[in-house]
Protein chains: 2
Amino acid sequence: MATSESSIPETMRKKVETYIFALQDEIVSAFEKIDPNAPPFKRDSWVRAHGSGGKGMSCVFSAPSPDPTSSPSAQEPNTVLEKAGVNISVVHGMLPPPAIKQMRADHSSIPYDGTSSLPFFAAGISLVVHPRNPNAPTVHANYRYFEITEPVTEGSVDPGKVVAWWFGGGSDLTPSYLYEEDAIHFHSTIKNACNQHGSELYPTFKKWCDEYFHIPHRGETRGIGGLFFDDLSSEKHTRLSDDVPRPKSAEDIFAFIQTLGNSFIPAYLPILERRMSTPTNHHQRRWQLLRRGRYVEFNLVYDRGTKFGLQTPSARIESILMSLPETARWEYMSDMGSDEASEEGKLLEVLKKPKEWV
Amino acid sequence: MATSESSIPETMRKKVETYIFALQDEIVSAFEKIDPNAPPFKRDSWVRAHGSGGKGMSCVFSAPSPDPTSSPSAQEPNTVLEKAGVNISVVHGMLPPPAIKQMRADHSSIPYDGTSSLPFFAAGISLVVHPRNPNAPTVHANYRYFEITEPVTEGSVDPGKVVAWWFGGGSDLTPSYLYEEDAIHFHSTIKNACNQHGSELYPTFKKWCDEYFHIPHRGETRGIGGLFFDDLSSEKHTRLSDDVPRPKSAEDIFAFIQTLGNSFIPAYLPILERRMSTPTNHHQRRWQLLRRGRYVEFNLVYDRGTKFGLQTPSARIESILMSLPETARWEYMSDMGSDEASEEGKLLEVLKKPKEWV
């Protein structure tokens, strides 16, 4: 178990761990507060002893629909959320040579001899929230810290010397119906958060987000974007010039991560609150489920984290696939969205051609 | 357009094309006959001119649910099928060197110089039928013919000399609830079809099917199996010893394919007919939708045809994703199926450990 870290109170490992657990609690409480009659999130702590070590906590919301045969009026529960997960994981283990080789592209400080494995540590928070109302957007956020260390002797309590570390993360919005004021609110909130740490961060990570959450076979982005970034450390960064001011020390990047993490609630909750009770109909629900089908397509076919997770033999599948919506729908040659002037068509337009919102 | 083939009436290309169009018509008619009040399949011919050439016909069934707000009693249409597609495609184009290199593993006759592309031709029928009743299983079948030829001069009407050809295909059943008699009926029908062409075909292709339709991250097969095979030609086959009697000439393999194709209706329709009106409830529907989630996971993450299709720039996405169910569901740590003695648990048992049905 990861007891070794706790003996070194001021390591970045520990700081990140403490921060993400607090953020998880804050976010889950915020969602519970806006819907006090809904069942609480299910809090589910886990410990992984198999192979490598780790621990985590899943906080998951679900409200399975009641049996419509027993009560004809009760078709759908009327909770604000339909399915949501806010997960923490703090894991460590050994990286095999092929994984090291790949990571060296962005982190030249990692020693690589083609045969040795290296210890890694990863801590992160990952969340996906699918509200029930088709007018309220799905949201995703993820913040993570990764460390690679020198090998240590069996039984040593201290981790080896850190040879590489970086932060990654982001947050993005996936509406079924486009409300421009929501898109603008979400993007301005995260832009303001970024700007406290450097003016190039928002434009660079906004663009990266549009590129990352792209579904090539549909020619659409998954949603209306937000931020996406990886490999943020003191080393050279492929997308950020060394000339522009940006957080470079571990402390400064961690401060940036905290500003972003803390901006999640102000960026998303006001949107959820103003859309969660919008009158809706079967047509809108159908479109929402079709859009959730696209969400499934992106996550299962393209998302790097999901693909990596599914290929990891001892991975916790339930945590990896927590991001999938409760229900998704596929229609052959659906007519929905084909009329450019319709509300569905207006969404598709911005998914086919990402827009600058702020 | 692919007019060049029609000028050579007796080529295998033409024979396969004629056969699969007739089979498609026969299968679609059979489904329409058992549910005369349902809307007919939508027949949708297409021609691809962009890049390479091709044509096809999609026959698709859907019955979108009516608006429940307008008629409280009409929650779900009461059609036998929920979503179904029976597709034909007859395409030709150029195979790039990496694809040729991969195909040479099983077809050493293909010339490969690392830089040239080679013309290919592919004709196939592919079908997926998702019935509405949770007691009626989903079925999939696919039969295809592939040919690689020598390059021809621009504008030539005849295709070049065939340098490699092969058949592939199979059919498999995916129930949400296990009825042993259905599994036995399906497997005996296809085993009898196989046995007319060689006694090793069923055991070899049954095993291959269990291996292929495996979802590693779930430790489950997609369904209760059937047949899967590929690369069947006069060349050596990696899974069939040269000592055992098996169809080897193009004519004999085509005869085998026809026996299998013709066995689809007798293998599946009696099962559908005896399960399509079984009384059902919300609990069963929920389980069926969870199982459809697994179907989506397999098809998007592992199915070679789907993955290949999604990566092909000019591919017809609607045809490729036709196999997806109308609705699928994901629950975090679902309790359904965890009780081994339940009907859901009994299905999981045979998915975790494939069984010999006949």
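Numbers below:
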item	result
Single unsatisfied condition, B:Arg316 versus (1) open to solvent by less than 50 Å² (accessible area, probe 1.4 Å); (2) closer than 19 Å to B:Val60 by Cβ; (3) touching a Gly at 6+ places or on another chain (Cβ under 8 Å)	(1)
Residue in region B:295-306 that is open to solvent by 30 Å² or more (accessible area, probe 1.4 Å), farther than 21 Å from B:Gly225 by Cα and either at pLDDT below 95 or within 9 Å of another protein chain (Cβ to nearest Cβ) (or both) present	no
Any hit, region B:212-219, residues being assigned to a helix (DSSP H, G or I) and in contact with a Phe, Trp or Tyr (Cβ under 8 Å, 6 or more places away or on another chain)	yes
Residue count, region B:253-294 (criterion: among the small types (Gly, Ala, Ser) and either facing chain A (nearest Cβ under 10 Å) or in contact with a Ser or Thr (Cβ under 7 Å, 6 or more places away or on another chain) (or both))	3
Residue list for region B:202-218, filter: within 14 Å of chain A (Cβ to nearest Cβ) and in contact with a helix residue (DSSP H, G or I) (Cβ under 6 Å, 6 or more places away or on another chain)	B:Ile215, B:His217
Any hit, region A:328-351, residues being closer than 22 Å to A:Gly170 by Cα, surrounded by fewer than 20 Cβ atoms within 10 Å (Cβ to Cβ) and more than 7 Å from chain B (Cβ to nearest Cβ)	yes
Every residue from region A:179-202 that is more than 26 Å from A:Arg104 (Cα to Cα) and open to solvent by 30 Å² or more (accessible area, probe 1.4 Å)	A:Tyr179, A:Glu180, A:Glu181, A:Ile184, A:His185, A:Ser188, A:Lys191, A:Asn192, A:Asn195, A:Gln196, A:His197, A:Ser199
Any chance B:Arg316 is among the basic types (Lys, Arg) and under 16 Å from the mean Cα position of the chain (by Cα)	no
Number of the exception - A:Met333 against (1) modelled with pLDDT of 95 or more; (2) in contact with an Asp or Glu (Cβ under 6 Å, 6 or more places away or on another chain)	(1)
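The values are calculated or read from the model by the stated rules, or taken from the named source; none is laboratory data. Here the structure is a predicted model, which is why all the values come from computation and not from measurement. Note: ideal-geometry Cβ built from the backbone for every residue, glycine included; neighbour counts use all protein chains shown. Surface areas here come from the heavy atoms of the whole protein model, side chains and all, with no ligands, DNA or RNA. Shrake-Rupley method; radii C 1.70, N 1.55, O 1.52, S 1.80 Å.
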